[in-house]
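J.: Please read through the structure below; I'll follow up with questions.
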Amino acid sequence: VGMATNIPPHNLGEILEAAILLIGNPNASLQKVMEKVLGPDFPTGGFLLGRQGILDAYTRGRGHLKLRARAAIERVGKDKEQIVVTEIPYQVNKAKLQEHAAALVNEKKIEGISDIRDESDRDGMRIIFELKRGEQPEVILNNLYKHTQMQVGFGVILLAIVNGQPREVGLVEALKLFIDHRIDVVRRRTDYLLRKAREREHILIGFRKALEHLDQVIRLIRASKSPADARDALVAKLEFTARQAQAIIEMQLQRLTGLERQKIVDELAEIQQKIKEYLEILGSDKILRSLIVKELREVQKDYADERRTE
């Protein structure tokens, strides 16, 4: 079965605001969410005509949007005017748009245009449609919308794989699925960090104990014939675990200096504090959700920008 998904780009700041709203209030209505997400936001700017297509897409996962170029009418000289296009619809090729418009002018399907120029530069897009004297620019502009890709349709299909099955989802459901995914990711990550922290804590406790019984440890190691014997002696006589004993044998002599000993004590205190924090995150849904909100706010701060599509 072939299935198409066509999800328009959105404004990151708006989407994160909506996600944060739903984390705090999972029962928020689509109307409340749409106060945060005004609609799709295309990187090429332009205009979105009407709200019905947006509402359909956000309600049931399917809708039809109308995208229009941003154009202005400028007066040049006494009785001449030109149409200046500064933004074109998403996924429309500028060169092809100009070629098509030129072909329509040559075929007399669009009348009143004397020249088409591309004055785009590093500051932005600027396509000029120079008009003949005495022409009505509004009429010509409407013809350009009608016959060229200065106005296009965009069929929204919010199709996603949900629990292994393809499903069309509305905006609220899509955001809730994203939140569930974040909860899963943060929980797994915290589990992993907790496991690693406990492993490190175990080794540091071994180091601290070795420093407390330093003379005995040195005597046992010096009296042993091989590293394996030394490890076994530490386990048998001083009740270290095998992993702790191995770490003690591999320990560098510089770690016995006063400064390095303090570092071990400090790192142990820091690790134990982290373990406490990880356990709090895993033990409380509220703390877990507030951590997700904090992370989303950081993403928002770093990457959110102004809306481009009006």
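The values are calculated or read from the model by the stated rules, or taken from the named source; none is laboratory data. Worth saying up front: this structure is predicted, and the values here are computed from it rather than measured. No Cβ is skipped: glycine too gets one built from the backbone with ideal geometry, and neighbour counts run over all protein chains shown. Side chains are part of the model used for accessible areas, which takes the heavy atoms of the whole protein and leaves out ligands, DNA and RNA. Shrake-Rupley method; radii C 1.70, N 1.55, O 1.52, S 1.80 Å.
J.: Out of G50, G39, G63, I need the residue that is open to solvent by less than 20 Å² (accessible area, probe 1.4 Å) and more than 30 Å from R289 (Cβ to Cβ). Which one?
T.: Going through G50, G39, G63 in turn, just one is open to solvent by less than 20 Å² (accessible area, probe 1.4 Å) and more than 30 Å from R289 (Cβ to Cβ): G63.
J.: Let me ask you something else. For region 81-96, check the following and say yes or no: at least one residue is more than 12 Å from M150 (Cβ to Cβ), modelled with pLDDT under 95, open to solvent by less than 50 Å² (accessible area, probe 1.4 Å) and among the charged types (D, E, K, R).
T.: Checked against the condition, which is being more than 12 Å from M150 (Cβ to Cβ), modelled with pLDDT under 95, open to solvent by less than 50 Å² (accessible area, probe 1.4 Å) and among the charged types (D, E, K, R), region 81-96 yields at least one hit.
J.: Can you confirm whether K237 is closer than 30 Å to V84 by Cα and basic (K, R)? Spell out the reasoning first.
T.: Values: closer than 30 Å to V84 by Cα: no; basic (K, R): yes.
Considered against the rule, which asks whether it is closer than 30 Å to V84 by Cα and basic (K, R), K237 comes out as no.
J.: Among the candidates I54, I110, which residue alone is of a type in the set (A, V, I, L, M), modelled with pLDDT of 95 or more and out of contact with any strand residue (DSSP E or B) (no Cβ under 6 Å at 6 or more places or on another chain)? Spell out how you get there, then give the answer.
T.: Details: I110 fails: modelled with pLDDT of 95 or more.
Unique residue meeting the criteria: I54.
J.: So, V105, is that one in contact with a strand residue (DSSP E or B) (Cβ under 9 Å, 6 or more places away or on another chain) and in contact (Cβ under 8 Å) with a residue 40 or more places away in the chain or not? So that I can check it myself, show each step before the final result.
T.: Working: in contact with a strand residue (DSSP E or B) (Cβ under 9 Å, 6 or more places away or on another chain): yes; in contact (Cβ under 8 Å) with a residue 40 or more places away in the chain: no.
No.
J.: For E270, work out the one condition from (1) touching a Phe, Trp or Tyr at 6+ places or on another chain (Cβ under 9 Å); (2) open to solvent by 60 Å² or more (accessible area, probe 1.4 Å) it doesn't fulfil.
T.: Here E270 meets the rest and fails (1).
J.: Of all residues in region 217-233, which are open to solvent by less than 60 Å² (accessible area, probe 1.4 Å) and free of Cβ contacts under 8 Å to residues at least 24 places away in the same chain? Talk me through it step by step, then tell me what you get.
T.: Here is the first cut: in region 217-233, the ones open to solvent by less than 60 Å² (accessible area, probe 1.4 Å) are 217, 220, 224, 226, 228, 230, 233.
Matches in region 217-233: L220, S224, S226, A228, A230, A233.
J.: Counting residues that are crowded, with 18+ Cβ neighbours inside 10 Å, which strands (runs of 3 or more DSSP E) fully inside region 135-216 reach at least 3?
T.: Working: elements: 151-157, 159-162, 165-168.
Result: 151-157.
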